[in-house]
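Below is one structure; the comments refer to it alone.
The values are calculated or read from the model by the stated rules, or taken from the named source; none is laboratory data. Keep in mind it's a predicted model, so treat the numbers as computed, not measured. Counting neighbours? That spans all protein chains shown, and the Cβs are built from the backbone with ideal geometry, glycine included. Side chains included, ligands, DNA and RNA excluded: accessible areas come from the protein's heavy atoms. Shrake-Rupley method; radii C 1.70, N 1.55, O 1.52, S 1.80 Å.
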Amino acid sequence: MICITGDVHGWEWRFDEDRCPYLKGLGEGDFLIVAGDFGFVFLNDQRERNFLDTLAKLPYTVLFIDGNHENFDTLFKYPLEMWNGGKVHFIRENVIHLMRGQVYSIEGKKFFTFGGGYSIDKYLRREGVSWWAEEMPSLAEYEEGMKNLEKHSFKVDYIITHAAPESVMNMIFPNHDPEKELNLYLERVKQLTGFRHWYFAHLHMEEDYPGNFTMLYTNGIFI
Ligand SMILES: [Fe+2]
């Protein structure tokens, strides 16, 4: 079973079954995918480490793409490893960072993942403490994504991103200039790639959009 949810932001209640009842549907061998802003590799304090140890005891695997609220210095200190066809960082044995531009096979389905996003509140944050330039993808990551999609003949089952493609973003916030480069890249992915459904987060709202797009926040959707 695979469940997808949106931004977690290091909020422990996002793993509380009473507050997020869909978690009760996840058991041994299942997967919860967080569509960015996981935020539990952020403060590097004891409480955070303890909570990651709590997550390590869950019967299911927590997979997350990165958003614009991640500590990229810490995230990239974890060794680069391969998992189910793509590059990952293992935070714990069952807490795994899915990287940008990768294609993974999970329960026989192909997932293309592409994290990253722009922080509209970055003026309130401090570089290296609460904001990182790596929140926006690099040219190498954009290119790697296209190369990996090409290897899979531009056909996957699901696409998981933090940000939205340009045409979808235009339905939500027509004025989204700072992030446009990423939105336009994702639009190109949308045009070139066959997929069943695309899930994204980032905007802290829940909504479906034409063309098989779903924006997620705290809801969980089983696929
Ligand atoms: Fe967020």
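Points to keep in mind about this one:
- Exposed-loop-free span, longest in the chain, where GluC sites (Glu not before Pro) count as exposed if DSSP calls them loop and at most 11 other C-beta atoms lie within 10 Å: 94-223
- Alpha carbon convex hull of region 1-61, projected area averaged over orientations, nm²: 3.8 nm²
- Annotation for region 50-116 versus region 1-25: alpha-carbon center distance of 16 Å.
- DSSP loop trypsin sites (Lys or Arg not before Pro) with at most 10 other Cβ within 10 Å: longest gap in the chain: 127-223
- Computed over the chain, the alpha-carbon pair-distance distribution with 10 angstrom bins reads 8, 37, 39, 15, 1, each value a whole percent.
- A simple spin-label model places the labels of residue 57 and residue 24 2.1 nm from each other, with each point 7 Å out along Cα-to-Cβ.
- Solvent-free Debye scattering, log10 I(q)/I(0), computed from the Cα coordinates of region 98-223 at q = 0.11 Å⁻¹: -0.37
- In this structure, the pairs whose alpha-carbon distance is over 28 Å, taken from 57/110; 57/147; 57/190, are 57/147; 57/190.
- Using a probe radius of 1.4 angstrom, the carbon and sulfur fraction of the accessible surface of the chain is 53%.
- The chain: antiparallel DSSP beta bridges as a percent of all, rounded to 5: 45 percent
- Reachable aspartates and glutamates from residue 87, criterion Cα separation under 15 angstrom, eight or more residues apart if same chain: 66, 141, 143, 144
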